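In what follows, a single structure is set out as structure tokens and then discussed.
The values are calculated or read from the model by the stated rules, or taken from the named source; none is laboratory data. Fair warning: this is a prediction, and the values are worked out from it, not measured in the lab. Reconstructed Cβ throughout: ideal geometry from the backbone, glycine too, with neighbour counts over all protein chains shown.
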Amino acid sequence: MSDDTLDIGASVPGWLMRIALIGVVAGGAWMLEPGIVWQIIALLLVLVGAALPQTGAAWFAMVIVPFALITQPADLWRTCLAVFVVHLGHVLATLSLTMPARSRVALQALRPTAMRFIGVQPIAQFGAITAVLLPSADATGIAWLAPIGAAAVVGVAVLLLRHVRR
């Protein structure tokens, strides 16, 4: 028998994604202050989601983040933080779902995901800043922007899918 090894280069343990998920979602819920009960619920849900990713509990924990925004007056930094937390939480929850906790993950394999995250964040933050700072002439605010944004997301998804299929 030989002692063959596989060298994957610089790597991190798979459980690190789950720890980061807990830190991001629980930390975001704590910073956005939806109330102590909601903070505890978010923490418990993200702990379950990190231990058992297939339950989807981490995504339920992330629901508390936008809930924290709508329960308090609009604030720019809180809105930007919520967009960041939900986006990064989603990425980490998805990574936790796809890789075993006992595995090693090559940093090079995480690069495309990190680049997509970095590419999407400026657009998402611009949308959040625009939504908070746009003046409203009446009490409805800019609710009309949501369907336009949803249509834009669908359009971009269709374009990307067409590009992938070529």
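Things to note:
- Test result for Val132, closer than 19 Å to Ile148 by Cα, surrounded by 14 or more Cβ atoms within 10 Å (Cβ to Cβ) and under 12 Å from the mean Cα position of the chain (by Cα): no
- Scanning segment 67-86 for residues that are within 19 Å of Gly23 (Cβ to Cβ) and in contact with a Phe, Trp or Tyr (Cβ under 9 Å, 6 or more places away or on another chain) yields one hit, Ala68.
- Residue check, Thr130 modelled with pLDDT of 75 or more, farther than 30 Å from Ile22 by Cβ and not in a loop (DSSP other than H, G, I, E, B): yes
- In segment 17-26, the residues that are in contact (Cβ under 8 Å) with a residue 24 or more places away in the chain and either part of a loop (DSSP other than H, G, I, E, B) or surrounded by fewer than 20 Cβ atoms within 10 Å (Cβ to Cβ) (or both): Ile19, Ala20
- Filter result for Ala74 (touching a helix residue (DSSP H, G or I) at 6+ places or on another chain (Cβ under 6 Å), assigned to a loop (DSSP other than H, G, I, E, B) and surrounded by fewer than 20 Cβ atoms within 10 Å (Cβ to Cβ)): yes
- Total residues in segment 30-45, condition crowded, with 23+ Cβ neighbours inside 10 Å and touching a residue at least 40 places away in the same chain (Cβ under 8 Å): 1
- Scanning segment 65-107 for residues that are farther than 18 Å from Trp30 by Cβ, of a type in the set (Val, Ile, Thr) and more than 14 Å from the chain's Cα centre (by Cα) yields a total of 2.
- Set Thr113, Thr5, Thr79, Thr94: member being part of a helix (DSSP H, G or I), free of Cβ contacts under 8 Å to residues at least 12 places away in the same chain and of a type in the set (S, T, N, Q): Thr94
- Answer residue from segment 60-71, given it is farther than 17 Å from Leu45 by Cα and touching a residue at least 12 places away in the same chain (Cβ under 8 Å) and is surrounded by the most Cβ atoms within 10 Å (Cβ to Cβ) among those: Leu69
- Thr55 under 15 Å from Val132 (Cα atoms) and of a type in the set (Val, Ile, Thr): no
- Qualifying residue in segment 58-70 (condition: at pLDDT below 95 and outside any helix (DSSP H, G or I)): yes
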